[in-house]
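Down below is the structure, laid out as structure tokens.
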Amino acid sequence: MNIETPGYISHVSSISPVGNNEMACAWYAGSIEGAADVAIYFSIFNEKTQSWRPPVKLVDRLQSSNESRRYVKKIGNPLLFSDNAGRLWLFYSSVAVGGWSGSSLNFKVSADNGNTWTKSSKMILSPFFNLTENVKNKGIGFG
């Protein structure tokens, strides 16, 4: 296990500019994909110093459950996106039952380049079951 990267696996990284010659990165890591210890981590790369800040945990399944007020079995697939208003968005998938085909989308927002974040909110994308929604692509400009 690499002490600079939490967990045994690191998967689905996402990167986004945040200004000041810095790039934000998010990924999920844990003992194995879908395990109870998987969390989404975050770090900032500074181009001037050519260094990464130590990673911080943004959300794990228990925190996602508490913030969204629903059971979450596993989380993954983080996507970072900077909007036109300077906010940094984290979108991620969560699963209550079954596998990724039953996933839901959630988001957190930071107005200070990732120093603080809102609570997780579930995105409602369908008036029906709101299942099988996952994230893996880059964000598209808005805001």
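Observations
- Of note, VAL59 satisfies the criterion of being out of contact with any helix residue (DSSP H, G or I) (no Cβ under 7 Å at 6 or more places or on another chain), buried (at least 16 other Cβ atoms within 10 Å of the Cβ), modelled with pLDDT of 95 or more and on the phi < 0 side of the Ramachandran plot.
Yes or no, residue by residue, for (1) modelled with pLDDT of 65 or more; (2) in contact with a His (Cβ under 9 Å, 6 or more places away or on another chain); (3) surrounded by fewer than 13 Cβ atoms within 10 Å (Cβ to Cβ); (4) of a type in the set (Phe, Trp, Tyr):
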{"site": "TYR92", "(1), (2), (3), (4)": "yes, no, no, yes"}
{"site": "GLY99", "(1), (2), (3), (4)": "yes, no, yes, no"}
{"site": "VAL109", "(1), (2), (3), (4)": "yes, no, no, no"}
{"site": "ASN113", "(1), (2), (3), (4)": "yes, no, no, no"}
{"site": "LYS122", "(1), (2), (3), (4)": "yes, no, no, no"}
{"site": "LEU125", "(1), (2), (3), (4)": "yes, no, yes, no"}
{"site": "PHE129", "(1), (2), (3), (4)": "no, no, yes, yes"}
{"site": "VAL135", "(1), (2), (3), (4)": "no, no, no, no"}
{"site": "PHE142", "(1), (2), (3), (4)": "no, no, yes, yes"}
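- Number of positions in the range 93-113 that are at positive phi and either part of a strand (DSSP E or B) or hydrophobic (A, V, I, L, M, F, W, C) (or both): 0
The values are calculated or read from the model by the stated rules, or taken from the named source; none is laboratory data. These numbers were taken from a predicted model, which means no experiment stands behind them. Cβ atoms come from the backbone with ideal geometry, glycine included; neighbour counts cover every protein chain shown.
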